[in-house]
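The values are calculated or read from the model by the stated rules, or taken from the named source; none is laboratory data. Note that the structure is predicted; figures quoted are calculated from it, not measured. No Cβ is skipped: glycine too gets one built from the backbone with ideal geometry, and neighbour counts run over all protein chains shown.
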Amino acid sequence: MPSDLADPADAPPVGILDAPFDSALSERYLVYALSTITARSLPDLRDGLKPVHRRLLWAMRLLRLDPAAGYKKCARVVGDVIGKFHPHGDVAVYDAMVRLAQDFSLRYPLVDGQGNFGNIDGDNPAAYRYTEARLTQVAIDLMEGLDEDAADFRPTYNNEEQEPELFPGLFPNLLANGASGIAVGMATSIPPHNAAELLDAAMLLVDDRGATDAQILQHVKGPDFPTGGIVVDPAAAIAEAYATGRGGFRVRARWGIEREKGGGWRIVLSEIPYGVTKGKLIVEIAALVDDRKLPILGDVRDESDAEIRIVIEPRARTVDADLLMESLFRMTELESRFSLNLNVLDAQRTPRVLSLRETLAQWVDHQFAVLRRRTEHRLAKITDRLELLRGYIIAFLNLDRVIEIIRGEDEPKPVMMAEFGLSDRQAEAILNMRLRSLRRLEEMELRREQEGLGKEQAELTLLLGSEARQRTRLKRDMKRLRDRYGPETALGRRRTALVEAAPTRDIPLEAMIEREPITVVLSQRGWVRAMRGHLDLGSAETLKFKEGDGPAFAFHAQTTDKLLLAAENGRFYTLAADKLPGGRGFGEPVRASIDLEGSIGVVAFLPARTAAKLLVAASDGRGFIAPTAETIAETRKGKTVMTPRPGARLKLVRPVGPADDYVAAIGDNRKMLVFPLAELAEMSRGQGMQMQRYRDGGLADAITFGFAAGLSWPMGGESRRMRTEADLGPWRAARGAAGRMPPTGFPRDNRFNSR
């Protein structure tokens with residue numbers, strides 16, 4: 001239907017916009033996202049502040065809470081902030097104020113708090129009706145220049161007040177105090193740095209805008225956290241993070257050893273990583289003691305007062321202190337990672353990820369702009385004052401006539417302007433003079449002031465016209481500020497050390513598990529248990545089973561051992577000895593701990609530490625040597641080591657002794673073969689090589705041994721005597737041969753050794 005003939009009743013009501021839902025939603029969400037990014041979460045590169053922090057400090061400045069003034073209740077400050085500048089919840093505003101006052105949160109606190117502002121233990125601050133605050137010198141330095149037109153002002157949310165868009169001060173707050181925040185689709189994370197180092201780098205950029213990242217890092221060594229600690233990343237990693245604006249820093253606690261009489265010792269922590277709550281850290285370490293997850297750790301105590309002092313006791317004086325701390329670094333927040341994401345709002349309020357050099361360079365550009373604005377403002381003030389001074393001096397030189405005009409004329413201003421050539425401002429200022437100012441001394445003071453302002457005007461004019469003078473002036477101001485926060489001052493000294501950590505070493509399992517002897521038993525039906533101590537493997541009490549069940553494997557081990565279980569399908573499974581069920585009762589099904597089907601039998605069960613290599617062989621006579629370390633599985637699904645050919649199965653797994661140099665194999669046909677171990681390949685997975693050839697049947701048993709010592713086997717009976725065959729020449733042949741009948745007296749079950 002044509003639009004001019006459309007029914008008016010179909011038109012949307014007045015005030016309602018008919019638009020697709022997806023486009024309307026995307027437009028409104030984009031507005032919200034931009035507001036979150038630019039007005040809440042990301043700091044401004046120029047002053048390093050978010051709006052709530054800027055408004056807090058501005059409200060305190062209006063209340064004249066400078067460092068020399070007395071404290072005022074935080075409730076008064078919060079009330080002014082939310083009433084005049086920041087119409088949000090009082091809790092959020094007070095929390096922001098508290099953080100600005102915490103010396104363990106900010107490297108250079110901007111608020112000087114009096115009362116309970118929380119602590120590093122994680123305790124909450126007192127309510128704002130109990131606490132008081134004022135500005136610190138750092139905040140004053142950050143706001144310096146607000147009275148000199150160094151920053152633009154804008155109306156507040158209700159158009160009743162004015163607030164600065166940013167702070168123009170020379171203090172490098174963004175990098176000195178750092179920042180963190182999560183916006184929509186982006187975030188920022190900037191660690192604190194040393195202000196003196198930043199100012200040194202900034203002065204380098206003032207002289208040489210082409211300074212490289214490497215030159216900047218000669219001054220800015222790395223983060224400088226308020227809680228100290230040690231950054232353990234290599235210099236190359238730190239340089240890469242600063243060059244790209246993305247990366248991270250590993251921060252460790254600072255620790256030392258205190259020796260005691262009698263040879264004992266203990267570890268004392270004096271600094272903890274930034275952002276870690278001390279109370280939570282103590283609980284975390286104590287849990288390791290209670291749960292016995294770190295047996296070499298004895299105890300932990302918090303002896304902190306104003307200074308951090310955490311005492312860690314080892315389980316025994318023979319414990320390696322470095323090993324203990326390395327374990328704690330891995331298992332607790334004694335080592336934490338602080339990410340670097342230098343995502344900030346630049347001078348055009350555009351969110352960007354910058355490098356350290358780019359961030360400092362743009363901040364220096366901003367300081368040049370501030371210097372020029374302050375100079376222009378001062379020149380305008382001087383020009384106005386000189387104009388008034390010229391008028392005052394004319395009045396003093398013609399004092400009698402001025403008095404006569406004032407007394408005799410109804411409108412003295414135009415008469416004075418016409419007779420003496422005065423401007424409106426000059427005439428108005430003369431008329432507003434007090435009589436007490438009409439002194440000879442005042443005229444002399446005005447001439448001296450005029451002369452001094454004239455010289456200053458000339459200097460400032462030269463300053464505006466010369467970049468070299470501007471560089472000199474900016475460096476002089478930075479040098480003065482650097483002296484205030486230099487390394488020789490209590491606030492300015494570097495707190496975080498940068499020491500590259502030694503290469504990570506493997507922590508032995510004994511450090512994680514208390515080492516105790518156990519006896520492991522696996523029954524024929526697959527029930528496993530671990531009994532404390534090394535018990536007699538021939539005892540009926542040790543090998544007690546359910547009715548119809550019997551022993552399959554039994555051996556001595558330690559709780560720190562990893563146990564290998566080999567199945568007929570060629571998969572190897574790994575069990576932790578300390579996780580086995582206890583010796584009470586008959587244990588638990590081993591298949592509950594691993595993914596092994598009930599129809600698949602168990603071929604071998606032994607500690608992984610038994611030997612460095614294993615002889616793995618299938619029922620068809622194929623086999624190979626497997627490194628024990630390569631057979632350890634990380635999951636309950638196991639790891640395929642032997643892949644038997646169709647119709648075959650994994651037959652045996654035997655440890656290879658360090659002195660073994662030969663392999664003996666015997667088939668179901670009762671033919672034995674001896675060949676050099678070197679002829680058998682070493683691999684971590686596969687079907688293996690043909691060890692012995694059979695016409696009928698398959699492999700019955702195989703073993704490795706030292707050829708010089710001969711081949712031994714049990715003779716049977718209760719005597720448990722062994723027989724050794726020293727002359728093995730008749731059975732020695734190349735791998736893959738058929739072999740010949742074994743020596744007289746060889747066991748009828750074709751086994752070299754009992755399990």
In this structure, is residue 93 part of a helix (DSSP H, G or I) and in the same structural domain as residue 55 (by TED's automatic domain parsing)?
yes
Note on segment 536-549: residues within 14 Å of residue 587 (Cβ to Cβ) and either out of contact with any Lys or Arg (no Cβ under 9 Å at 6 or more places or on another chain) or not hydrophobic (A, V, I, L, M, F, W, C) (or both) are 542, 543, 544, 546, 549
Filter segment 654-693 for residues that are in contact with an Asp or Glu (Cβ under 7 Å, 6 or more places away or on another chain) and assigned to a loop (DSSP other than H, G, I, E, B); which is nearest to residue 727 (Cα to Cα)?
669
Taking segment 729-755 and keeping only residues that are at pLDDT below 90 and hydrophobic (A, V, I, L, M, F, W, C), one is left with 746, 752
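May I ask you to say which residue of 285, 308, 272, 267 is surrounded by 15 or more Cβ atoms within 10 Å (Cβ to Cβ), in contact (Cβ under 8 Å) with a residue 24 or more places away in the chain, touching a Phe, Trp or Tyr at 6+ places or on another chain (Cβ under 6 Å) and aliphatic (A, V, I, L, M)? It would help to see each step written out before you state the result.
On the way: 285 fails: touching a Phe, Trp or Tyr at 6+ places or on another chain (Cβ under 6 Å); 308 fails: touching a Phe, Trp or Tyr at 6+ places or on another chain (Cβ under 6 Å); 272 fails: touching a Phe, Trp or Tyr at 6+ places or on another chain (Cβ under 6 Å).
Just a single option satisfies the conditions, and that option is 267.
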Restricting attention to segment 621-643, does a residue exist that is under 18 Å from residue 702 (Cα atoms) and among the basic types (Lys, Arg)?
yes
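Can you find even one residue in segment 319-334 that is out of contact with any Leu (no Cβ under 7 Å at 6 or more places or on another chain), touching a residue at least 40 places away in the same chain (Cβ under 8 Å) and under 28 Å from residue 147 (Cβ atoms)?
No; the residues of segment 319-334 include none that is out of contact with any Leu (no Cβ under 7 Å at 6 or more places or on another chain), touching a residue at least 40 places away in the same chain (Cβ under 8 Å) and under 28 Å from residue 147 (Cβ atoms).
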With 48, 70 as the choices, which residue is at positive phi and touching a strand residue (DSSP E or B) at 6+ places or on another chain (Cβ under 9 Å)?
48
Could you look through segment 495-546, keep only residues that are touching a Gly at 6+ places or on another chain (Cβ under 8 Å) and among the β-branched types (Val, Ile, Thr), and pick out the one that is farthest from residue 224 (Cα to Cα)?
521
Extreme residue, farthest from the chain's Cα centre (by Cα), among residues of segment 580-590 that are closer than 13 Å to residue 531 by Cβ and surrounded by 21 or more Cβ atoms within 10 Å (Cβ to Cβ):
587
Set 286, 316: member being part of a loop (DSSP other than H, G, I, E, B), among the small types (Gly, Ala, Ser) and farther than 26 Å from residue 177 by Cβ:
316
Note on residue 482: of the conditions (1) more than 30 Å from residue 230 (Cβ to Cβ); (2) of a type in the set (D, E, K, R); (3) touching a residue at least 12 places away in the same chain (Cβ under 8 Å), unmet is (1)
Can you confirm whether residue 480 is closer than 16 Å to residue 202 by Cα, surrounded by 15 or more Cβ atoms within 10 Å (Cβ to Cβ) and either of a type in the set (Asp, Glu) or assigned by TED's automatic domain parsing to the domain that holds residue 371 (or both)?
no
Within segment 196-212, is even one residue of a type outside the set (A, V, I, L, M, F, W, C), more than 27 Å from residue 372 (Cα to Cα) and in contact (Cβ under 8 Å) with a residue 12 or more places away in the chain?
no
Does any residue in segment 413-427 that is charged (D, E, K, R) come within less than 9 Å, Cβ to Cβ, of a residue that is assigned to a loop (DSSP other than H, G, I, E, B) six or more places away or on a different chain, and which pairs are these?
413/422; 419/398
Which helices (runs of 4 or more DSSP H) does segment 135-218 wholly contain that include 1 or more residues that are in contact with a helix residue (DSSP H, G or I) (Cβ under 7 Å, 6 or more places away or on another chain) and surrounded by fewer than 17 Cβ atoms within 10 Å (Cβ to Cβ)?
195-207, 213-217
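Just wondering, is there one or more residues in segment 246-258 that are in a loop (DSSP other than H, G, I, E, B) and either at pLDDT 95 or above or on the phi < 0 side of the Ramachandran plot (or both)? Write out each step before concluding.
Taking segment 246-258 and keeping what is in a loop (DSSP other than H, G, I, E, B), we get 253.
Next, from what is left, pick out any that are either at pLDDT 95 or above or on the phi < 0 side of the Ramachandran plot (or both): 253.
Yes - at least one qualifying residue is present in segment 246-258.
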Failed condition for residue 383, given (1) polar (S, T, N, Q); (2) farther than 30 Å from residue 146 by Cα; (3) at pLDDT 90 or above, with all others met?
(2)
Taking the criterion of being of a type outside the set (A, V, I, L, M) and assigned to a helix (DSSP H, G or I), would at least one residue in segment 229-236 satisfy it?
no
Given (1) touching a Phe, Trp or Tyr at 6+ places or on another chain (Cβ under 6 Å); (2) closer than 25 Å to residue 188 by Cα, number of the condition residue 132 does not satisfy
(2)
Filter segment 327-365 down to the residues that are touching a strand residue (DSSP E or B) at 6+ places or on another chain (Cβ under 8 Å) and among the β-branched types (Val, Ile, Thr), then identify the one that is modelled with the highest pLDDT.
359
